[in-house]
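Scroll down for the structure; my scribbles are underneath it.
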Amino acid sequence: MNRYGPEYWDKHGAYRTPLAFHLTLLVLLRSYFIWIIAALSRRPDLDIMSLFFKAKSDFFTAIAIAAIALLPAVIFCLRRPQENAISAKRLASIWRFMRWPLILCAITDLSWLTYQAAHSHYQFSLFLASQMVLVLWVLLYLLKSRYLSVFFNDWPDPIENK
């Protein structure tokens, strides 16, 4: 496995988070972001949810698929030096395997988008096509990135009390 130099480290000595990983989480959790934006919208005449989802069942399915990526996102938010060495070790052992739920989420999401395209008799939809391209990009990134394999095997060291 290739090791990356100090220019790839943050101030705590852990590998920096790649920008593409943030975009990956944004794509996989897009239904939650749409839901939050719709909830924060104070205009009842503007139905944001109907712009993105044809039916309530489509929304609930998208939320269920994105829920697979919630655990890696939450553990990613905890990826900073911990006070407790035991919890840092436990989180590091969990973090090591968080690439697989993201891959599963991307595969499930791509399958769901393909099902939606088949359900509309493969009539071209720019909205579906752009989502499929984004999710396919995410899947290829998660499978092929060498830096991600190093990133998922790294966890910040616990804070030493002086």
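What the phi angles of the stretch 109-120 give under the Karplus curve with 6.51, -1.76 and 1.60, with θ = phi - 60°, is a coupling list of 5, 5, 5, 5, 5, 5, 4, 5, 5, 5, 5, 9 Hz, glycine and proline written as x.
On a 0 to 90° scale, report how tilted helix 30-40 is relative to the longest principal axis of the chain, with both axes built from alpha carbons and the result rounded to the nearest 10. The angle comes out near 70 degrees.
Report which label in [x] 1.48; [y] 1.05; [z] 1.15 holds the value of Rg/Rh (Cα atoms, Kirkwood Rh) derived from the coordinates of this structure. After the calculation, the listed value that fits is [y]. With respect to the chain, whose longest principal axis is taken over its alpha-carbon atoms, helix 19-28 is tilted by about 40°.
Laboratory data are not the source of any read-out in this text; all were calculated from the coordinates shown. Computed from a prediction, not measured in an experiment: that's the story for all the values here.
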